[in-house]
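Enquirer: To start, I am sharing the structure in question, which I have written as C-alpha cells.
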Amino acid sequence: MNGVDQSPVRVEGPLVLVEDVTKTYHRGEPDEVRALRGVSLEIAAGEVLVLEGPSGSGKTSLLTIIGCMSRPTSGQVVVGGRRVSRLSETALTTVRRSTFGFIFQHLHLIPDLSVEDNVRLPLVPTGMSVEEMNGRVDHALAAALIGHRRTAKVGRISGGEQQRTAIARALVNEPEVIIADEPTAHLDGALSAEFLATLGGLNAAGATIVIATHDPRVMEHEAVHRRVALSDGVLANGAVV
C-alpha cells in the first residue's frame, strides 16, 4: 500500500469533520503561503453553512479540502465517518464523486454543449448505464427547473439559466453535500435571490450545503443555519445565525 492508509475507518459523528487542518502552498519556498492554520470544524447533515471572509482569508482553501478536491498539509478530514486525508487518489476521487456536488464561481460550463450534455458530464467517468444516466439527468434538470432548456446550447441561454444548469450538474450524482464557491459573485440581486431560493429548496429536501462567500446577501439569507468567519487562515467564530 506504499504507506498510504486505505482502510475505510468508520467513526460516529458529524457528516464532515475537519480537525486541526493546515494548508501551505509553495512550502519551503520564498513565496510560501500559509492559507489555513489549524482549523477545526464540524458540519452536520442537513446544515446550510456559510464560510465567510474576505479574499485571501482561506475560505476557498477550506472549501476545497472539505470537498476532497485538495488535501490538507496536516490535520485530518473525516467525511461520512471515513478518514479521507490519506486515501489514494483513486479512493479520494470515489468519495468526491459519490458525496459532493460542486457549483463553481465561474460555473465552468461548456458553451458549445447543450444544457443536458453539460449536466451529464460528471456521470460519464462512472461507467453508469445509459438508462440510469438519463434518469439522473432528467431528475436533476427538473430539480433545478431548467428542463425546458435541456436541448439549448449553454452559450445561448441567460445567466440565470446557466446558473440553474450548474445547479443541475451539481445534483446529477445525487450528492449528500453541495459545495458552492462564491456562487453569487457574478449575479445581480434578482438572480442571487432566485439562486438562494433554489438552494433553500434543495436543503429542505435534505441536502447539506456549504458555501464560501463574502456576499452579505448570502450570509444573511434565511436559509443559512450557521456562519463561520475566517481571517488569515484562522477560524474566527462559529456563531449560530
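Enquirer: Could you tell me which of rounded, prolate or oblate describes region 77-202, using a ≥ b ≥ c as the square roots of the eigenvalues of the alpha-carbon gyration tensor, with rounded for a/c under 1.5 and, failing that, prolate when a/b is larger than b/c and oblate otherwise?
Expert: Here region 77-202 falls in the oblate category.
Enquirer: Next question, about the same structure. Computed over the Cα atoms of region 16-235, what is the ratio Rg over Rh, Rh following Kirkwood? Display every interim value, and only then the final one.
Expert: Numbers: Rg = 17.3 Å, Rh = 17.9 Å.
Answer for region 16-235: 0.97.
Enquirer: Something else now. Please give the charge dipole size of the chain, origin at the Cα centre, charges +1 on K and R Cβ atoms and -1 on D and E Cβ atoms. Round to the nearest 20 debye. If you can, show how the numbers build up before the last one.
Expert: Details: 23 positive and 28 negative charges, 64 e Å.
Here the size comes out at about 300 debye.
Enquirer: Another question, if that's okay. Once you charge only the Cβ atoms, +1 for Lys and Arg and -1 for Asp and Glu, what is the size of the charge dipole of region 158-230 about its Cα centre, to the nearest 20 debye?
Expert: Roughly 100 debye for region 158-230.
Enquirer: So which residue, out of THR60, THR198, THR24, gets the largest mean-square fluctuation from a GNM of the chain using Cα contacts under 10 Å as springs?
Expert: Highest fluctuation among the options: THR24.
Enquirer: How large is ³J(HN,Hα) for each residue in region 215-231, as worked out from phi by the Karplus curve 6.51 cos²θ - 1.76 cosθ + 1.60 (θ = phi - 60°), to whole Hz, x for Gly and Pro?
Expert: Once θ is set to phi - 60°, the couplings for region 215-231 become 8, x, 4, 7, 4, 9, 6, 5, 6, 6, 8, 8, 10, 10, 9, 10, 9 Hz.
Enquirer: To the nearest Å, what is the center-to-center distance of region 186-241 and region 68-105, using C-alpha atoms only?
Expert: 21 Å
Enquirer: What angle do you read, to the nearest 10 degrees and between 0 and 90, between the alpha-carbon axis of helix 89-99 and the longest principal axis of the chain?
Expert: Orientation of helix 89-99: about 50 degrees from the principal axis.
Enquirer: Going highest first, how would you order 28-38, 177-187 by mean Cβ packing within 10 Å?
Expert: Numbers: 28-38: 12.9, 177-187: 20.8.
In decreasing order of mean packing, 28-38, 177-187 become 177-187, 28-38.
No lab work stands behind these numbers, since they all come straight from the coordinates. Since the structure is predicted, the reported quantities are computational estimates derived from the model, not experimental observations. As a convention, Cβ positions derive from the backbone with ideal geometry for all residues, glycine included, and neighbour counts pool all protein chains shown.
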